[in-house]
Amino acid sequence: MPHLVSPSLLAADFGNLRSEVEMLNRSSADWIHLDIMDGVFVPNISFGFPVLKYISRYSTKPLDVHLMISNPDKFLSMFRDAGASILTVHFEGAIHLHRTVTEIRRLGMKAGVAINPHTPVSSLTDILPFVDMVLIMTVNPGYGGQSFIETSYRRVAELKGLINDNGYDVLIQVDGGVDQHNAPRLIAAGVSVIVAGTTVFESDDPAGTIEQLKSVHQ
């Protein structure tokens, strides 16, 4: 299966948000990635339900929503109602993770689990049968524009081995410092979904950059 590209709106021009979303609609992007931060789980605040509903109104692409928040269980149905197609929660932030991902699926969304750079990949062994995607953070979560952590290649390969050895149908997503230079090696290691924010939105031709990321080969 060809890899997917999910541009992160965290790096977009929020003064022209509708035009940024419409650019993504016209582009070869597969999903639109939305980072929700609460200032508690991560040291930053991004946006909430009003902005998400606005994006959903204009987007023709599935919304790939990444929750960097404490106590996500309180809000699962609200994110579904706001337009999320894929909902990812953090391993480190969900106290009853199996219950959380089961509820995400029951609500009709695809369920993802994210892990921070310090969390061992082996921690996911027991949850893999119950999720559709794992997001390996390739920077410390909370801010865009950070440098890629080089040990991420090994972590992706380790996760891919766990998935293949058990015959699971689970996508591997990466987020943080991803660009045209490290994307081929990430795909070779097993990545299915590339998230790119600064690389896309700070380029002179965002749609062209998305196409470049789509056409990357391992």
Among all residue pairs at least 6 apart or on different chains, which show Cβ distances below 6 Å where the first residue, located in the range 1-28, is more than 22 Å from Asn44 (Cβ to Cβ) and the second is surrounded by fewer than 14 Cβ atoms within 10 Å (Cβ to Cβ) and not aliphatic (A, V, I, L, M)? Asn25/Thr60
Scanning the range 194-209 for residues that are surrounded by fewer than 22 Cβ atoms within 10 Å (Cβ to Cβ) and among the β-branched types (Val, Ile, Thr), the one nearest to Ser28 (Cα to Cα) turns out to be Thr209
Within the set of pairs 6 or more residues apart or between chains, which connect a residue that is within 14 Å of Ala111 (Cβ to Cβ) inside the range 69-85 to a residue that is of a type in the set (Lys, Arg) with Cβ atoms less than 7 Å apart? Ser85/Lys110
Got a sec? Which of Met78, Met23 is within 16 Å of Ile210 (Cα to Cα) and more than 18 Å from the chain's Cα centre (by Cα)? Met23
Of these, Asp64, Asp81, which one is charged (D, E, K, R) and closer than 26 Å to Pro117 by Cβ? Asp64
Taking the options Val139, Val101, name whichever one is at negative phi, part of a loop (DSSP other than H, G, I, E, B) and buried (at least 18 other Cβ atoms within 10 Å of the Cβ). Val139
Just checking, which of Asp64, Asp81, Asp73, Asp30 is outside any helix (DSSP H, G or I), surrounded by fewer than 21 Cβ atoms within 10 Å (Cβ to Cβ) and either modelled with pLDDT of 95 or more or not aliphatic (A, V, I, L, M) (or both)? Asp30
Counted residues, the range 169-218 - those being part of a loop (DSSP other than H, G, I, E, B), among the β-branched types (Val, Ile, Thr) and more than 17 Å from the chain's Cα centre (by Cα): 1
Answer yes or no as to whether Ile55 is touching a helix residue (DSSP H, G or I) at 6+ places or on another chain (Cβ under 8 Å), outside any helix (DSSP H, G or I), over 22 Å from Gln212 (Cβ atoms) and not polar (S, T, N, Q). no
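The values are calculated or read from the model by the stated rules, or taken from the named source; none is laboratory data. Everything numeric here is computed off the predicted structure, so don't read it as measured data. Glycine also receives a Cβ, built like all others from the backbone with ideal geometry; neighbour counts cover every protein chain displayed.
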